[in-house]
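Working notes for the structure below.
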Amino acid sequence: MALKRFFILEKRLEQDPELKRQYAEFMEDYERLGHCEEVKEGDDPEGVKWYLPHHAILRPSNTTTKCRVVFDASAKVKGLSLNDIMMIGSLNQCNLDEIALRFRFPRYVLTTDVAKMYHQVILEKEHRRLQRIFFRLNPSDPLRVLELKTVTYGTALAPFLATRVMLPLALDDEDKYPAAEIVKRCFYVDNALFDFDDLDEAHEAQLQLIQR
């Protein structure tokens, strides 16, 4: 299924040179940044593997990345998808309504987010076999198999994994950095709304979140 869909995608890219250029650029950056790596199937250990289809989402109004590659973990094989067999996990963060209500009271408020949050969480190697894709730049090139090494957008448990990683980081540093409380109480997925009545405290919290 994943291979068939890749061949359909490949034909589409050959018919649209600009889309092909953007798609190739996205995938090259993905590999260059260490978010995926090529694997040789002949060297595979025993165990289950899963191959994800992927396709382009176009965002013409975006000033940076106009083409985004989406990995389809909901694609079904024999009635089941990767998302169907994942444990999704529970909520690791405060309710969004609670965060928004607290945000309304103090005098000074700040917002922030975690850049490329999912890509900063590396999966255990034996789990990466469930996030494989087919890719090549040109139909004349050998077909490559890539494993996605990080938490992947579109998988059902991605929000749980990414937010679960934040909690022990905050707990480890809460004695040294008061801003760790913001990580525990004010983040919703990769965005935070936090607040202070004292401007100096707000500035110190900002510095701690950026530097630590």
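Data overview
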{"item": "Which listed residue is touching a residue at least 12 places away in the same chain (Cβ under 8 Å) and assigned to a helix (DSSP H, G or I), from 169, 101", "result": "169"}
{"item": "In segment 75-97, the residues that are modelled with pLDDT of 80 or more and open to solvent by 70 Å² or more (accessible area, probe 1.4 Å)", "result": "76, 78, 80, 84, 85, 87, 88, 95, 96, 97"}
{"item": "Residue check for residue 129: open to solvent by 30 Å² or more (accessible area, probe 1.4 Å), closer than 19 Å to residue 36 by Cα, among the basic types (Lys, Arg) and modelled with pLDDT of 95 or more", "result": "no"}
{"item": "Segment 171-197 - residue that is among the acidic types (Asp, Glu) and in contact with a strand residue (DSSP E or B) (Cβ under 8 Å, 6 or more places away or on another chain) and, of those, surrounded by the fewest Cβ atoms within 10 Å (Cβ to Cβ)", "result": "197"}
{"item": "Residue tally, condition exposed (fewer than 10 other Cβ atoms within 10 Å of the Cβ) and either among the aliphatic types (A, V, I, L, M) or within 24 Å of the chain's Cα centre (by Cα) (or both), over segment 41-56", "result": "1"}
{"item": "In segment 134-170, the residues that are among the hydroxyl-bearing types (Ser, Thr, Tyr) and either open to solvent by 40 Å² or more (accessible area, probe 1.4 Å) or out of contact with any helix residue (DSSP H, G or I) (no Cβ under 7 Å at 6 or more places or on another chain) (or both)", "result": "140, 153, 163"}
{"item": "Residue within segment 149-165 that is closer than 20 Å to residue 38 by Cβ and either among the basic types (Lys, Arg) or in a helix (DSSP H, G or I) (or both) present", "result": "yes"}
{"item": "Among the candidates 21, 32, 5, 12, residue that is charged (D, E, K, R), over 25 Å from residue 119 (Cα atoms) and open to solvent by 50 Å² or more (accessible area, probe 1.4 Å)", "result": "12"}
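The values are calculated or read from the model by the stated rules, or taken from the named source; none is laboratory data. Computed from a predicted structure; not experimentally measured. Reconstructed Cβ throughout: ideal geometry from the backbone, glycine too, with neighbour counts over all protein chains shown. These accessible areas exclude ligands, DNA and RNA; they are computed on the full protein's heavy atoms, side chains included. Shrake-Rupley method; radii C 1.70, N 1.55, O 1.52, S 1.80 Å.
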